[in-house]
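Quick notes on the structure that follows.
The values are calculated or read from the model by the stated rules, or taken from the named source; none is laboratory data. This structure is a prediction, so every number in the text was calculated from the model and none was measured. Cβ atoms come from the backbone with ideal geometry, glycine included; neighbour counts cover every protein chain shown. With ligands, DNA and RNA removed, areas are computed over all heavy atoms of the protein, side chains included. Shrake-Rupley method; radii C 1.70, N 1.55, O 1.52, S 1.80 Å.
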2 protein chains.
Amino acid sequence: MKLKLTLLFSLVLTTTLLKAQDSLMIRKIYDEELVNGQCYGNLHYLCKNIGQRISGSANAQKAIVWGEKLMKSYGFDTVFLQPVMVPHWVRGAKEEGVIIQGKNRVPVHIAALGMTVATPKNGLTAAIIEVHSLKQLDTLGEKAIKGKIVFFNRPFDPRFIETIQAYGTAGDQRFAGPAAAAKYGAVGVIVRSLTESLDIYPHTGATLYVKDGVNIPAAAISTIDANKLSSMLKGSASIKFYFKQNCQTLPDAPSFNVIGEMKGTEHPNSFIIVGGHLDSWDLAEGAHDDGTGIMQSVEVLRILKVMGYKPKNSIRAVFFINEENGDRGGDKYAELAAQNKEEHIAAIETDLGGFTPRGFGFDGVSATTLQNINNNWGKLLAPYGSNVLVAGGGGSDIGPLKEKSKQVVLIGYLPDSQRYFDVHHTPNDVFENVNKRELELGAASMAALIYLIDQHGF
Amino acid sequence: MKLKLTLLFSLVLTTTLLKAQDSLMIRKIYDEELVNGQCYGNLHYLCKNIGQRISGSANAQKAIVWGEKLMKSYGFDTVFLQPVMVPHWVRGAKEEGVIIQGKNRVPVHIAALGMTVATPKNGLTAAIIEVHSLKQLDTLGEKAIKGKIVFFNRPFDPRFIETIQAYGTAGDQRFAGPAAAAKYGAVGVIVRSLTESLDIYPHTGATLYVKDGVNIPAAAISTIDANKLSSMLKGSASIKFYFKQNCQTLPDAPSFNVIGEMKGTEHPNSFIIVGGHLDSWDLAEGAHDDGTGIMQSVEVLRILKVMGYKPKNSIRAVFFINEENGDRGGDKYAELAAQNKEEHIAAIETDLGGFTPRGFGFDGVSATTLQNINNNWGKLLAPYGSNVLVAGGGGSDIGPLKEKSKQVVLIGYLPDSQRYFDVHHTPNDVFENVNKRELELGAASMAALIYLIDQHGF
């Protein structure tokens, strides 16, 4: 009995000491980042010296070369590229959009949706019909839709606390609306921008055509212009809409994922990765989407390296290519991981903007494990406000890993979501809208989580 | 035994039903605010049609008249003003600040600290000495300081997770620095702006002269210019500094607190209040400081009123006057509350900006009560991310209530603090830096807390 008690005591003591050590290490991670953080400066370079970097573009290639050089400058154990072919869509000349009411012509702000086709060279004019859901197309049928432009105008539901949920429920209009409207003979599609914000920015983003469908031109319209169009449609049945877009899809282009690695001292073939996507839309600098994510990812490794941390497992920062319009980088990474028989323990994706961290979503852990995560790590992360640790998570770039390796835990980094869709996919997604401390706190929170996973596993 | 069990069961059932009712009510509060919120529009009016409203100014009076009208338009049970005399400090013509190094003259961005005196009419030129603490003045002594300008240049400590803590530890330089330097014969004081942000904005704010001290002129300098000055001082001992400021303190002026009230149906003489301050500094629109606070306060009442809620206790929105340079409004409110024998249950102050809510700080509750608050209300507020419920709290405007009535619980509204000191007391504190949803979520979180206090007490 006495022995058992001593053992128990020693176990409790060890656990307590470990917790104290974890707590100290996490404090040091934050101190390093908040005092010597480099991700804000790196983001400035990416946004201002490179700028937009849509897949297949010369700028994307510039960012790849620079990203590799940056990682090498930090002296990680390995820095390498993974070649992958990516779609190469180009916008062409700026779009035009006009509401036509008799002799009255009202110009509006539009932007072609990613991966769409051009209008005829002189533009496209047709009657326009407003709908609020894909289902409504089925009700209206070909008779009401054929030959017309379909205007999807269901706004964000403001009642969601997290804006990403509003995006999720309004998003089908952009993702699937054009293909659905084409089935009923629509000649074009205009989609209300996916944001609650009332502004003049069209929010672009990819749409998905379907196999054997007719590919019709589709554009996003700013929310202010969407309201204007809707209100004009209420007053008159004779409204037409004109738009012209000049985009095209070129042959696939060669590109790369960029990867930096700290070698595991105990389990070099076990990996914990953190990543975002290097490509951006072409309308601005891709600051929050996803410059912040990739600059945070490399910063996680920089912090651990500069602190002299020797990870048990290998830790990687991954700049995935082509998240916005193809996910080829994420697919390639997973394919190679399987091919090389790399065991992935956990993958964190940071692609919801560089805002103040709130926590993480976990996909692939049991309810009991999640409870343990909350009990043990929640307390350690609470002083930093990063302790909302919930089920869910994942992300487009790390999703494919799950298909190849069942045991991997996919983790979505969850920052404050209120401002993300103010800038998402717009000309306004620029460096000036990123806050230095918010960005740094996010990087530190991911470094802290990776440290905990590396030390304790799940 | 059976009866007891039945009683217990019935108690559990009642508690469960009450919780379900609370949960439903809170959801309705958020829905009302996120769908029909008016505080963002009201803030726009305040910022753009009135603007800066320093105590004693014509603009402050305009804001008082408009605020009263706004509250009346919402049909609260009572709307009234509390007369109070306030300090009347005016900045006068824009300040000039110049670093002088031989023939080299480097202009810098400065702004007089609130309540300070002017320089001589033609400005003040003197040698300048950099210090990092008030204690260092004691070490240096009169010999090193007399006849010089003292330059306080201790930066924010970036390691604090909440910026308000960095403000707290750097703030003595501004609050007390000028008076302390004057004791050793300094002729003027320049204070590094109280922010971590590197920018060109001088951050003003009040300083406190001491009785029987010599009142010397004192100004804030932008952080970029502070770094420049410090670096020039390192390179040369012969640096002088010139500054000119034209401020003066006029006789006290008549002013008012503005109060709107919903009458309690059970305990009309018991009060729960929520408030911010109506006055602002004179450099910008006082958007986050504290336009957001007063617009949220009136919104709390608007939400409850429009939902048809009949409070048990009386609920007030209070626009306090003169928080920035005198606290006369807060003092007057507490004085009248005591005089009128009003029982105050709780007072919430919202004066840390209109950012995403994180929770509340409670001053005047026992550890057990705070634990109960967390157990019961924490769960109800968690879906809205407003569940950091900690000890501490209070605020300048509600503080005096505590002196007069011991039982009142003082509550500080705690929004995300990362961006507050980017704009605090600068020309950049404008409407454009406020996010609609962040502001609304804050208003809803305070309405929810007031509902819970009104229903359940502490």
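Annotation for the range A:86-129 versus the range B:301-337: alpha-carbon center distance of 52 Å.
Residues of the range B:195-220 whose accessible area, computed with a 1.4 Å probe over protein heavy atoms, drops by at least 20 Å² once all protein chains are present relative to their chain alone are B:Glu196.
Once all protein chains are placed together, B:Phe80 keeps about 60 Å² accessible to a 1.4 angstrom probe. For the range A:69-146, trypsin sites (Lys or Arg not before Pro) meeting the loop criterion (DSSP other than H, G, I, E, B) and having at most 13 other Cβ atoms within 10 Å: A:Lys94, A:Lys103, A:Lys121, A:Lys146.
Chains B and A together bury some 2200 Å² of accessible area, summed over both sides, with a 1.4 Å probe. Placing R0 at 51 angstrom, the Cβ-Cβ distance between A:Glu403 and A:Glu96 gives a FRET efficiency of 0.75 after rounding to 0.05.
Taking Cα atoms only, the orientation of helix B:223-235 departs from the longest principal axis of chain B by about 30 degrees.
Annotation for A:Lys310, label-to-label distances across the other copies: 7.3 nm (shortest first, one decimal, point 7 Å from Cα along Cα→Cβ). Just to confirm a number: summing +1 for Lys and Arg and -1 for Asp and Glu over residues other than A:His425 whose beta-carbon lies under 9 angstrom from that of A:His425, what do you get? Counting the neighbours of A:His425, the net charge comes to -3. Legend: residues A:Ser231, A:Ser57, A:Ser297, sorted from most to least accessible area (1.4 Å probe; ligands, DNA and RNA excluded), read A:Ser231, A:Ser57, A:Ser297.
About its Cα centre, the range A:94-246 has a charge dipole of approximately 540 debye under the convention of +1 per Lys or Arg Cβ and -1 per Asp or Glu Cβ, with nothing else charged.
Within the range A:156-170, the residues that become at least 30 Å² less accessible when every protein chain is included than when their own chain is isolated (1.4 Å probe; DNA, RNA and ligands ignored) are A:Pro158, A:Arg159, A:Ile161. Between helix A:2-36 and chain A, what is the angle of the helix's C-alpha long axis to the longest principal axis, kept within 0 to 90° and rounded to the nearest 10? Helix A:2-36 sits roughly 50 degrees off the main axis of chain A. Expressed as a whole percent, the accessible area of the protein assembly as shown that falls on carbon and sulfur atoms is 57 (1.4 Å probe). The alpha-carbon of A:Lys263 sits under 24 angstrom from the alpha-carbons of these lysines, leaving out residues fewer than 8 places away in its chain: A:Lys28, A:Lys69, A:Lys72, A:Lys305, A:Lys310, A:Lys312, A:Lys332, A:Lys341, A:Lys402, A:Lys404, A:Lys406.
Shown for A:Lys183: label points 7 Å from Cα along the beta-carbon vector, and their distances to the equivalent points in the other copies, 8.0 nm in ascending order.
Phi angles of the range A:151-166 translate, via the Karplus equation with coefficients 6.51, -1.76, 1.60 and θ = phi - 60°, into HN-Hα couplings of 10, 7, 9, 7, x, 4, 7, x, 6, 5, 6, 8, 5, 4, 6, 5 Hz per residue; Gly and Pro are given as x.
With all protein chains kept in place, the per residue accessible area of the protein assembly as shown amounts to 39 square angstrom at a probe of 1.4 angstrom. Of all chain A residues, the one whose Cβ lies closest to the rotation axis that maps A onto B, given with that distance rounded to whole Å, is A:Asp416, 3. Within the range A:94-246, antiparallel bridges make up roughly 55 percent of the DSSP beta bridges whose residues both belong there.
Under a model in which nothing but the beta-carbon of Lys, Arg (+1) and Asp, Glu (-1) is charged, the protein assembly as shown shows a dipole of about 80 debye around its Cα centre.
The trypsin sites (Lys or Arg not before Pro) of the range A:157-248 that meet both conditions, a loop assignment by DSSP and at most 11 other Cβ atoms within 10 Å of the site Cβ, are A:Lys211.
Label-to-label distances for A:Thr265 across copies, nearest first, come out at 6.7 nm, using points 7 Å from Cα in the beta-carbon direction.
Note on A:Asn374/A:Val106: beta-carbon distance plugged into 1/(1 + (r/R0)^6) with R0 of 45 Å gives a FRET efficiency of 0.25. In chain B, the longest principal axis of the Cα atoms and the axis of helix B:134-145 are about 20 degrees apart. From its DSSP helices (H runs of at least four residues, each -39,500 (n - 2.57)), chain B gives a residue-normalised ellipticity at 222 nm of -11500 deg cm²/dmol.
Interface residues of the range B:407-427, defined as those losing at least 20 Å² of solvent-accessible heavy-atom surface relative to the isolated chain (probe radius 1.4 Å), are listed as B:Asp416, B:Gln418, B:Arg419. Legend: residues B:Glu68, B:Glu403, sorted from most to least accessible area (1.4 Å probe; ligands, DNA and RNA excluded), read B:Glu403, B:Glu68.
Placing +1 on the Cβ of every Lys and Arg and -1 on the Cβ of every Asp and Glu, with no other charges, gives chain B a dipole of roughly 460 debye about its Cα centre.
Solvent-accessible surface (1.4 Å probe) assigned to B:Glu323 amounts to roughly 30 Å². Other residues lying with their Cβ under 14 Å from the Cβ of B:Asn376 contribute a combined charge of +1, Lys and Arg counting +1, Asp and Glu -1.
Short-range pairs are left out: with C-alpha atoms under 8 Å and at least six residues apart, the relative contact order of chain A is 21 percent. Positive-end ranking of A:Ala126, A:Ile348, A:Asn269 along the dipole of chain A, with charges on Cβ about the Cα centre, is headed by A:Ala126. Charged neighbours of B:Gly364, selected by a Cβ distance under 9 Å, balance to +1 (K, R count +1; D, E count -1). The 3J(HN,Hα) values that the Karplus relation (6.51, -1.76, 1.60; θ = phi - 60°) gives for the range A:185-194 are, in residue order, x, 4, 9, x, 9, 10, 10, 4, 4, 7 Hz. Gly and Pro appear as x. Annotation for the range A:397-429: trypsin sites (Lys or Arg not before Pro) lying in DSSP loop with at most 16 further Cβ atoms inside 10 Å of their Cβ are A:Lys406. Cα centroids of the range B:387-458 and the range A:405-428: 28 Å apart. Residues A:Ile303, B:Ile200, A:Ile50 ordered from highest to lowest accessible area at a 1.4 Å probe: B:Ile200, A:Ile50, A:Ile303.
The heavy atoms of B:Asp31 offer some 40 square angstrom of accessible surface to a 1.4 angstrom probe. Straight-line cross-link reach from B:Lys234 at under 15 Å between alpha-carbon atoms covers these aspartates and glutamates, not counting any fewer than eight positions away in the same chain: B:Glu130, B:Asp225.
What would the Debye equation give as log₁₀ I(q)/I(0) for the range B:93-246 at q = 0.10, 0.11, 0.16 Å⁻¹, counting only Cα atoms as equal point scatterers? For the requested q values the scattering log ratios are -0.30, -0.36, -0.80. Under a 5 Å amide H cut-off, with hydrogens placed 1.01 Å from N, B:Ala219 pairs with B:Leu113, B:Val189, B:Ile190, B:Val191 among residues at least 5 apart or on other chains.
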